[in-house]
Amino acid sequence: MIETIAHGDEIVALIISHRFSAPGVHFVTPNEFSQQLAYMSHPVGKVIAPHTHNVVHRSVHQTQEALFVRRGRIRVDLYDRSQTYLDSRILETGDVILLASGGHGFEFLEESEVIEVKQGPYLGEADKTRFDGISNAQITMRMQ
């Protein structure tokens, strides 16, 4: 229900399925990730004390992004840092994915709504390198 997709010793993506459920707080990211992702489930009456976050200077070397699928079905294609295709996953309504390293592309299999969260500031095209991935036909064959 929580899937880690790795290439060698590097985490490429983490997926929290909409089917996952467990009481309490479950961080799925390692402490050193610049983007932290957790699942929380608390009973009625649970109180989290009011708090602020301290100003802490952090160094972010790579953008990590989390996608929340509000509605629909999406195929995410995962690539390593050298732009070599690794694998694909189908995300459905309620699924969450953290794209941690390497590359990625998407095909929307249904009309979908997605919320994306990543570090800023966004630098436009200077923030990414686009490349030609493998074809949809090749991906479909590998997924069968």
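The values are calculated or read from the model by the stated rules, or taken from the named source; none is laboratory data. Quantities reported herein were computed from a predicted structural model and do not represent experimental measurements. Every residue, glycine as well, gets a Cβ built from its backbone with ideal geometry; the counts of neighbours run over all protein chains shown.
Observations on the model:
- Some residue of region 23-37 being farther than 24 Å from Pro121 by Cβ, of a type in the set (D, E, K, R) and part of a loop (DSSP other than H, G, I, E, B): no
Matching residues to (1) surrounded by 11 or more Cβ atoms within 10 Å (Cβ to Cβ); (2) of a type outside the set (A, V, I, L, M, F, W, C); (3) in a loop (DSSP other than H, G, I, E, B); (4) in contact with a Pro (Cβ under 7 Å, 6 or more places away or on another chain):
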site: Ser59; (1), (2), (3), (4): no, yes, yes, no
site: Leu86; (1), (2), (3), (4): yes, no, no, no
site: Arg89; (1), (2), (3), (4): yes, yes, no, no
site: Phe131; (1), (2), (3), (4): no, no, yes, no
site: Ile134; (1), (2), (3), (4): yes, no, yes, no
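- Subset of region 33-75 that is within 16 Å of the chain's Cα centre (by Cα) and free of Cβ contacts under 8 Å to residues at least 24 places away in the same chain - its residue that is nearest to His104 (Cα to Cα): Gln36
- Residue check, Leu67 at negative phi, at pLDDT 95 or above, among the hydrophobic types (A, V, I, L, M, F, W, C) and touching an Asp or Glu at 6+ places or on another chain (Cβ under 6 Å): yes
- Verdict on Leu109 being more than 19 Å from Gln35 (Cβ to Cβ), of a type in the set (A, V, I, L, M, F, W, C) and in contact with a Lys or Arg (Cβ under 6 Å, 6 or more places away or on another chain): yes
- Every residue from region 95-129 that is of a type in the set (Asp, Glu), within 12 Å of the chain's Cα centre (by Cα) and surrounded by 10 or more Cβ atoms within 10 Å (Cβ to Cβ): Asp95
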